[in-house]
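Q: Sharing a structure here in structure tokens format.
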Amino acid sequence: MTDNQPQPVANNSGKWQSGSDVFATWRDDVLTGQPPTLYRVGEGELSQIEIGPKLVTLFGGAPGAGKTAFTMQCVVDGLRLNPELRWCVCNIEMPPSVLLDRQLARLSGIDAESIRYRRLDGNHADRLDQALNTLEAIADRLCFVRPPFDLANIAAACDAFGADVLTLDYIQRITPPGQHGDRRGSVDATMNYLRQFADAGVAVVVVAAVSRQKDKQGRSSYAGDSLSLASFRESSELEFGADDAFILAPDANDAETVHMKHLKARHTQPRDVLLRFDRQRQSFTPTTATPPAKPDGKLQAALANLWNQTEAAPDDDNSGGEQ
């Protein structure tokens, strides 16, 4: 090659997209008036949880806080409320039969211990049949990942099933591809892959363990006032990769009260929810009642005011009339 021959030029211009192109696509999207797709997973305040395509929703909790029970409640209620939805669950610690036992307890109102030990009789029959029918109706849209619990197998299972939503419980025990120096690096890598899953159009729900935190007196605990984003074990990429991050924290003074702290909300305002956890039936319900709708007009307002001032009629057990 002589000195006057053209020299090869390395292409180091980088990857970029012009603002004009971005604007045109974004403007068209705005003008369609179509909001983002979100899947309802509960009623009342639980309907505010954003689970949908391209979103990673993170739930953490102390041992015994009920994070698995809560996320499985979201799975079952999400399938009931969204008739076309398909959901894939990867649970490392519990087999599908145990997860279904718990949902059977919740839906039937029969305590979980009776269901676990199959202490069922005719008194349970109606409630049992109704709950079993509810679960059977969604069973073909629910799948459970079998071992090995690595991302390659999880991705293949989701694709084969055609899942719209993937739940991983829990992330610290999911194996990512490649070699990673420590547990923190492994969790960071897994979260990076899950972010790519979400970007491909799947809704991702992640369950994570949390670490004990020191309270104001320097005591180590899982108390609600001491848990924060930094509480997620091997956190780093967990809080950065998630669109929404929640922690379930039991109340220090009431075992049945759980604070669902909304620690991160990328697209909305954080909204904490106070929950009641019925451990016998593995059921979560918001403790805050939905406020009544405000009357629209003067006549409706007058009627509402009159109704509020009217005393309820006393019960009459001897009326003999049919209800």
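Throughout, read-outs are computed from the coordinates displayed, never taken from laboratory work. Note that the structure is predicted; figures quoted are calculated from it, not measured. Because the Cβ atoms are built from the backbone with ideal geometry, glycine has one as well, and the counts that use them run over all protein chains shown.
Q: Counting pairs of alpha carbon atoms under 8 Å apart in space and at least six apart in sequence, what relative contact order in percent does region 34-301 give?
A: Relative contact order of region 34-301: 25 percent.
Q: Show the residues, 5+ positions off or on another chain, whose built amide H is closer than 5 Å to the amide H of residue 62.
A: Under 5 Å from the amide H of residue 62: 248.
Q: Of the beta bridges DSSP finds with both residues in region 91-224, what % are antiparallel, to the nearest 5?
A: Within region 91-224, antiparallel bridges account for around 20 percent of the total.
Q: Going by a ≥ b ≥ c, the root eigenvalues of the Cα gyration tensor, does region 34-301 fall in the rounded group (a/c under 1.5), the prolate group (a/b larger than b/c) or the oblate group?
A: It comes out rounded by the Cα gyration axes.
Q: Quick one: dipole size for region 34-301, taken about the Cα centre, charges +1 on Lys/Arg Cβ and -1 on Asp/Glu Cβ, in debye to the nearest 20.
A: 420 debye
Q: Using Cβ contacts closer than 10 Å as the measure, can you line up 87, 16, 26 from fewest to most?
A: By the 10 Å Cβ count, ascending, the order reads 16, 26, 87.
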